[in-house]
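Enquirer: The structure's right below; bear with me while I get my questions together.
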Amino acid sequence: MAALGTAVMFLSFFPYATFSVPAVASFAVMLVLLEVGMPYSIGTYIVIGVLSLLLCEKEASLYFVTLMGLYPIIKALCERVKNRVVEWVLKMLYLNAAVGVSYLVLTYIMGIKIEETSKFSFMLIITLILGNIAFVLYDRCLSSLADFYFRKIHKLVARILKK
């Protein structure tokens, strides 16, 4: 699955794929989490992350490492919390902290200059709001994919793995 996730990350070289490719690659981490558990999913995340940083487009790789790749694991941990409000607060805290770390790395380590104007500040707020909405949709997509996997694919995979 790590090889599949890394192969997906190679698609990040296509224009405008900076956010979508890491999201799709994170499905590999989620499938490992569902099939064999947390330790192997962490290993899969690390392998995809390291190979992506070495071989793929850097900005998309950064989003995989700081946000999308780790999220299936964070999601599973947050969903152990019985209180739905606390669960969503934790998820949104993770998102916004990861976005902040990504911004700092892009600006101070990768050297991408971002213009500081009042127009920029307004657009930053709008982008953060839309990003939070997109993140909720991404969370729902992961949940739906996990449900589909267990209903339609898990039994087939279990039979193949028993052989």
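Bear in mind these aren't lab numbers, they're just calculated from the coordinates by the rules spelled out. Since the structure is predicted, the reported quantities are computational estimates derived from the model, not experimental observations. No Cβ is skipped: glycine too gets one built from the backbone with ideal geometry, and neighbour counts run over all protein chains shown.
Enquirer: How high is the relative contact order of the range 57-146, in percent, with contacts defined as C-alpha pairs under 8 Å that are six or more residues apart?
Expert: 29
Enquirer: If each DSSP helix of 4+ residues adds -39,500 (n - 2.57) and the sum is divided by the residues in the chain, what number results at 222 nm, nearest 500 deg cm²/dmol?
Expert: Helices in the chain give a 222 nm mean residue ellipticity of -23500 deg cm²/dmol.
Enquirer: Choose one answer from 64, 19, 150: the residue with the largest mean-square fluctuation in a GNM of the chain with alpha-carbon springs under 10 Å.
Expert: 150
Enquirer: About its Cα centre, what dipole magnitude does the range 2-162 give when the only charges are +1 on Lys and Arg Cβ and -1 on Asp and Glu Cβ, stated in debye to the nearest 20?
Expert: Using only the charged Cβ atoms, the result is roughly 640 debye.
Enquirer: Follow-up question, since we're still on this one. How large is ³J(HN,Hα) for each residue in the range 41-53, as worked out from phi by the Karplus curve 6.51 cos²θ - 1.76 cosθ + 1.60 (θ = phi - 60°), to whole Hz, x for Gly and Pro?
Expert: Running phi through 6.51 cos²θ - 1.76 cosθ + 1.60 with θ = phi - 60° gives 5, 5, x, 5, 4, 5, 4, 4, x, 5, 5, 5, 4 Hz.
Enquirer: A further question follows. Using each residue's phi in the range 67-80, evaluate 6.51 cos²θ - 1.76 cosθ + 1.60 at θ = phi - 60° and report the 3J(HN,Hα) Karplus result to the nearest Hz, with x for Gly and Pro.
Expert: So the J values, rounded to whole Hz, are 10, 5, x, 7, 4, x, 6, 4, 4, 4, 5, 5, 6, 6.
Enquirer: On to the next question. Evaluate the relative contact order of the chain (contact order divided by residue number), counting alpha-carbon pairs under 8 angstrom at least 6 apart; express in whole percent.
Expert: 21
Enquirer: Same structure again: Taking the Cα centre of the range 24-108 as origin and charging only Cβ (+1 Lys, Arg; -1 Asp, Glu), how large is the dipole, in debye to the nearest 20?
Expert: So the dipole magnitude of the range 24-108 works out to roughly 280 debye.
Enquirer: Moving to a separate point now. Take each of the peptides 47-57, 132-142, average the number of other beta-carbon atoms within 10 Å over its residues, and list them starting from the highest.
Expert: 47-57, 132-142
Enquirer: Go through the range 125-130 residue by residue and turn each phi into a ³J(HN,Hα) via Karplus (6.51, -1.76, 1.60, θ = phi - 60°); whole Hz please, and just put x for glycine and proline.
Expert: Along the range 125-130, the couplings run 5, 4, 4, 5, 5, 5 Hz.
Enquirer: As I understand it, the dipole of the chain uses +1 on the Cβ of Lys and Arg and -1 on the Cβ of Asp and Glu, about the Cα centre. Which of 66, 98, 25 lies farthest toward its positive end?
Expert: Positive-most Cα among the choices belongs to 25.
Enquirer: Kindly count the pairs of lysines across the range 32-163 whose alpha carbons are less than 22 Å apart, treating pairs on different chains or eight or more residues apart as eligible.
Expert: 7
Enquirer: How much FRET efficiency would the formula 1/(1 + (r/R0)^6) give for residue 10 and residue 148, where r is the Cβ-Cβ distance and R0 is 25 Å, rounded to 0.05?
Expert: 0.50
Enquirer: Determine one quarter of the surface area of the Cα convex hull of the chain, which equals its mean projected area, and express it in nm² to one decimal.
Expert: In nm², the orientation-averaged hull projection of the chain is 10.8.
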